[in-house]
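The values are calculated or read from the model by the stated rules, or taken from the named source; none is laboratory data. In this text, all values refer to a predicted model and were calculated from it rather than measured experimentally. Here Cβ is always computed from backbone atoms with ideal geometry, including for glycine, and neighbour counts include all displayed protein chains. Just the protein is used for accessible areas: all its heavy atoms, side chains included, with ligands, DNA and RNA removed. Shrake-Rupley method; radii C 1.70, N 1.55, O 1.52, S 1.80 Å.
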Amino acid sequence: LPLLFQRRMTSVEARKWINTGKVDVDSFNGDRFKGGVDAKKDNESVDELRRMFRKNYFQQLQVLGQFNLGFILTQRRDDIFIVDQHASDEKQTFENLLRTTVVRTQPLLAPARPRLTAEEEMIVLTHRHVFANNGFDLEINESAAERSRVAIRGTPVATGAQFGIDDFFELITLLRERPTHYDDGDISGSSD
């Protein structure tokens, strides 16, 4: 399987390469390539970008080799992948922590009343199960005035780390950015 690696060329190397006749000099226009629009190729490119690498594909990878003491070159069908060993190890460690970490709720002496915008309050009310699944014990007073319906009675504790109001607002931000992504209550991002 031939592999081509790209690196920057000096101008002298570029001239030698052009002089070999392996490149069509007429295809260059200064620093730009001349090119046209081909709808078929555009659609193929869009289809390529839609492809996803799923976790179960790792079992189907054939190892071709290792390079630079940190990357594994692999192949699945007609596709070549470079696997970052350091990132893979971190991901595995993170997933192990998710599986083994028990999140408890630490009751507060007095409920905390966060200053929420109307939008933030609506996010909390809509996704209260996500907050509960992640260790936040909330008190919801539906009859209270808008922006004062939510109180925090307890915050998450996991492996000695106490989470607080900043984490509460971070969870609101995650839910604002991707409201349906966390419908199952999982904020780990460890989906396949």
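Quick check on my filter: what residues within segment 106-132 are within 19 Å of residue 176 (Cα to Cα) and touching a strand residue (DSSP E or B) at 6+ places or on another chain (Cβ under 8 Å)? Those that are within 19 Å of residue 176 (Cα to Cα) and touching a strand residue (DSSP E or B) at 6+ places or on another chain (Cβ under 8 Å): 114, 116, 121, 124, 125, 128, 131, 132. For segment 156-168, the tally of residues that are under 21 Å from residue 109 (Cβ atoms), of a type outside the set (A, V, I, L, M), in contact (Cβ under 8 Å) with a residue 24 or more places away in the chain and open to solvent by 10 Å² or more (accessible area, probe 1.4 Å) stands at 2. Tallying residues that are part of a strand (DSSP E or B) and open to solvent by 100 Å² or more (accessible area, probe 1.4 Å) within segment 64-88 yields 2. Scoring residue 151 on the criteria (1) over 30 Å from residue 56 (Cβ atoms); (2) open to solvent by 90 Å² or more (accessible area, probe 1.4 Å) leaves a single failure, condition (2). Give me the residue from segment 133-150 that is out of contact with any strand residue (DSSP E or B) (no Cβ under 7 Å at 6 or more places or on another chain) and in contact (Cβ under 8 Å) with a residue 12 or more places away in the chain and, out of that set, farthest from residue 168 (Cα to Cα). Taking the candidates together, the pick is 146. Among residues of segment 146-192 being aromatic (Phe, Trp, Tyr) and at pLDDT 90 or above, the one that is farthest from residue 124 (Cα to Cα) is 163.
Note on segment 107-164: residues that are out of contact with any helix residue (DSSP H, G or I) (no Cβ under 7 Å at 6 or more places or on another chain) and assigned to a helix (DSSP H, G or I) total 10.
For a quick check of your reading of the model, give me the residue pairs whose first member lies in segment 61-80 and is within 23 Å of residue 48 (Cα to Cα), whose second is in a loop (DSSP other than H, G, I, E, B) and open to solvent by less than 70 Å² (accessible area, probe 1.4 Å), with beta-carbon atoms closer than 8 Å and at least 6 apart or on different chains. What qualifies is 74/61; 75/61; 76/61. In segment 48-81, the residue that is farthest from residue 91 (Cα to Cα) out of those that are acidic (Asp, Glu) and at pLDDT 75 or above is 78. Cβ separations smaller than 8 Å between residues 6+ apart or across chains give the following pairs from segment 89-113 residues that are open to solvent by 80 Å² or more (accessible area, probe 1.4 Å) to residues that are of a type in the set (Lys, Arg) and part of a strand (DSSP E or B): 107/153.
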